[in-house]
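Everything on this sheet refers to the single structure shown next.
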Amino acid sequence: MPFINRSPLEYQVNTSSSLRRCSFGRAPTVADYKQYKVSDEWLDTSSNDWWKLCYRDQTQGIWRKMCGTAGAVETFIPDVGISPVVPDAANEITLVGGNNITITGGLNQWTTDITGTTDHAVQLGNATGSISSSGLGLTGQLFSGVTGADPTWTTSTFPLTCAIGDVIYGSALNVFSNLAFDATATRYLSNTGGGATIPAWDQVELTNGVSGILPVPNGGTGVATITDGALIVGSGVGAVTDLGAMVDGDLAIGSTGVDPVIGQLTAGAGIAITAGAGTIAIAATGSGLAWVDATAAAYNMVVATAYGCNRGGGVAFTLPAAAAQGTVMEIVGILGLWNIVQGAGQSIEVGMFTSTVGAGGSLTATNLGDCIVLRCITADTVFRVQNMMGNPALV
């Protein structure tokens, strides 16, 4: 049956036969259906494959390849190890059933049925390809797997009703119950119910129900342990600082911009400090002034100090250049006579009398036992005799 070959993409029809043939430089697709009818043939000139239109409707065309390159007949390629299915002498392929499967033919169709089953039962397969029935399960039973064998129905029972939010739990062997949702407050499941064998709604037990270290942003310390009896210091969002153990008399002493430190009070002149368990006793000793046994020829006086003049040749004392108002100094005659020397701008007042201002003024003991107490009444410059024994000479 010759045909006209004008162009690789031109539709060509053999007008001498109702069988129409066409040739193109490609294989047909499902979109090639509008101008074709069932039984039309198509030659793919790019691969020399013959195709036939086997089905056509309003949306598509189904083409099947009849033979391939060099006229080779197309065959089914089965899986590895399986022989291909080919027609018999009558060009027929017969479909047959297997174990528990029947096939019934009909016009343009065949029907496959599974046999040997029980209504409402679970169907089980086996190694030979047959299907068996598990039998009917009872109300509330659970279909459960068995290692190396067919699954079976178990006698587990379940609640007949369940509300939204309920939790299902095992209340006995193969018996399941529902724990009603608790909406009264924030709750968590715990093992504190029913003799600690079933769950219950409860709040978190901080003594044994949690693990880890609660961080500072969540209200914790950020550390696992703290020294027994120690003070702790905050560190912002970081872990608290442990100041360590303390002993009798210890105090936390602050420092600007840094953590406080543990320390003790230091006793000043004329002060005694006694530390005890949880107590600190502070007491004055003597006059409350620091004592200096003056045996040298000259001393620069220091406030809050008592000097014992204890040199046969006498001792010269120079008033301090810096003295705050209200500070006190004392001289006690022991051996030799004492003399107080003034600096520039300084003076000494005895009752209504005042010494010469500056280096020319002085106050001198006239007897061995003369004693005197001086208090600064004008910072650095004016000193008044607060208490005196003897008759010192004022210049």
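For first residues located in segment 223-235 and at positive phi, partners that are of a type in the set (Val, Ile, Thr) and part of a loop (DSSP other than H, G, I, E, B) and lie 6+ apart or on another chain with Cβ distances below 9 Å do not occur. Just one residue in the set Gly244, Gly276 is over 20 Å from Glu330 (Cα atoms) and loosely packed, with under 12 Cβ neighbours inside 10 Å; that residue is Gly276.
Tell me yes or no: at least one residue of segment 208-228 is in contact with a helix residue (DSSP H, G or I) (Cβ under 9 Å, 6 or more places away or on another chain), closer than 30 Å to Thr279 by Cβ and assigned by TED's automatic domain parsing to the domain that holds Gly276. Among the residues of segment 208-228, not one is in contact with a helix residue (DSSP H, G or I) (Cβ under 9 Å, 6 or more places away or on another chain), closer than 30 Å to Thr279 by Cβ and assigned by TED's automatic domain parsing to the domain that holds Gly276, which makes the answer no. For Val30, state whether it is within 30 Å of Thr112 (Cα to Cα), touching a Leu at 6+ places or on another chain (Cβ under 9 Å), at pLDDT 90 or above and assigned to a loop (DSSP other than H, G, I, E, B). The answer is no for Val30.
Among the residues making up segment 248-259, those that are loosely packed, with under 13 Cβ neighbours inside 10 Å and free of Cβ contacts under 8 Å to residues at least 24 places away in the same chain are Ile253, Gly254, Ser255, Thr256, Gly257, Val258. Scan segment 156-176 for residues that are among the β-branched types (Val, Ile, Thr) and either modelled with pLDDT of 80 or more or exposed (fewer than 12 other Cβ atoms within 10 Å of the Cβ) (or both) and jot them down. The answer is Thr161, Ile164, Val167, Ile168. Taking each residue of segment 20-33 that is farther than 16 Å from Ser46 by Cβ and assigned by TED's automatic domain parsing to the domain that holds Trp51 and looking for partners that are among the β-branched types (Val, Ile, Thr) and surrounded by 13 or more Cβ atoms within 10 Å (Cβ to Cβ) with beta-carbon atoms closer than 6 Å, six or more apart or interchain, yields Arg20/Val13. Test Ala322 against the stated conditions and say whether it is assigned to a loop (DSSP other than H, G, I, E, B), touching a residue at least 24 places away in the same chain (Cβ under 8 Å) and either out of contact with any Ser or Thr (no Cβ under 7 Å at 6 or more places or on another chain) or not basic (Lys, Arg) (or both). In short, yes. Could you say whether any residue in segment 388-395 is aliphatic (A, V, I, L, M), assigned to a loop (DSSP other than H, G, I, E, B) and either surrounded by 14 or more Cβ atoms within 10 Å (Cβ to Cβ) or touching a Ser or Thr at 6+ places or on another chain (Cβ under 9 Å) (or both)? There is at least one residue in segment 388-395 that is aliphatic (A, V, I, L, M), assigned to a loop (DSSP other than H, G, I, E, B) and either surrounded by 14 or more Cβ atoms within 10 Å (Cβ to Cβ) or touching a Ser or Thr at 6+ places or on another chain (Cβ under 9 Å) (or both).
The values are calculated or read from the model by the stated rules, or taken from the named source; none is laboratory data. Given the structure is predicted, the values throughout are model-derived calculations rather than measurements. Don't worry about glycine lacking a Cβ; one is built from the backbone with ideal geometry, like all the others, and counts go over all protein chains shown.
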